[in-house]
Amino acid sequence: VEGADDALALTALLQHHSERIRVALEQGALLTHSLDGAANLSYKASLLRDSLCDYYCFLDNDDAGRNSFEVARKNGLLTDADCTFTICNGMAESEIEDLFEPDIYRTAIETAHSVRLDVRMFRSRNKWSDRMRIAFQAQGRQWNDRIK
């Protein structure tokens, strides 16, 4: 996955939905790993390949995710069958956060940042990070990598 938060979220979801995967994660036979940015996909995939590990990618369906996959595919590090993208119907770009129901995190965001997410600009078809940036900035709040 692209980021550390994505790895945490995906690990929790996988453990919740599959006993077999939960056990494999607990025993270290399976792990979720952060690329620390989509641009690192080819590098990290080559390390895993050289370590004789099997790997599978779960990437955001945005320019960074698609472009990094295409570079890795052209370099022989991945095939189309080795990757799933967070495709959300009706959205040109989407991120793992777009798969989550906003009610799951709404109270935490509103409490920690005094930013309301029930505003019109958060209900657009933009990817999650763009919607959050617009909502934060429209309410006089900063949006940067630390806050994201």
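The values are calculated or read from the model by the stated rules, or taken from the named source; none is laboratory data. Here the structure is a predicted model, which means the values were calculated and not measured. Quick reminder, even Gly has a Cβ in these numbers, built from the backbone with ideal geometry, and neighbours come from all protein chains shown. Side chains are part of the model used for accessible areas, which takes the heavy atoms of the whole protein and leaves out ligands, DNA and RNA. Shrake-Rupley method; radii C 1.70, N 1.55, O 1.52, S 1.80 Å.
Observations on the model:
- Looking only at residues of the stretch 85-101 that are among the β-branched types (Val, Ile, Thr) and open to solvent by less than 50 Å² (accessible area, probe 1.4 Å), we find that the one that is farthest from Leu10 (Cα to Cα) is Thr86.
- Tally, over the stretch 119-128, of residues that are more than 23 Å from Arg66 (Cα to Cα) and open to solvent by less than 70 Å² (accessible area, probe 1.4 Å): 3
- Only a single item in (1) in contact with a helix residue (DSSP H, G or I) (Cβ under 7 Å, 6 or more places away or on another chain); (2) open to solvent by 80 Å² or more (accessible area, probe 1.4 Å) is not met by Glu19, and it is number (1).
- Residue within the stretch 129-139 that is surrounded by fewer than 13 Cβ atoms within 10 Å (Cβ to Cβ) and closer than 20 Å to Ile87 by Cα present: no
- In the set (1) under 20 Å from the mean Cα position of the chain (by Cα); (2) in contact (Cβ under 8 Å) with a residue 24 or more places away in the chain; (3) open to solvent by less than 40 Å² (accessible area, probe 1.4 Å), Tyr56 fails one condition alone, (3).
- Consider the stretch 102-116 and keep the residues that are out of contact with any Leu (no Cβ under 8 Å at 6 or more places or on another chain) and under 27 Å from Arg66 (Cβ atoms). The one that is surrounded by the fewest Cβ atoms within 10 Å (Cβ to Cβ) is Ile104.
- Look at the stretch 69-95: where a residue is of a type in the set (Gly, Ala, Ser) and a partner is outside any loop (DSSP other than H, G, I, E, B), sitting 6+ places away or on another chain with Cβ atoms under 6 Å, you get Ala72/Leu41; Ala72/Ser42; Ala72/Ala45; Ser94/Asn61; Ser94/Thr86.
- Residues of the stretch 1-50 satisfying the condition of being in contact with a Gly (Cβ under 7 Å, 6 or more places away or on another chain) and assigned to a helix (DSSP H, G or I): Ala38
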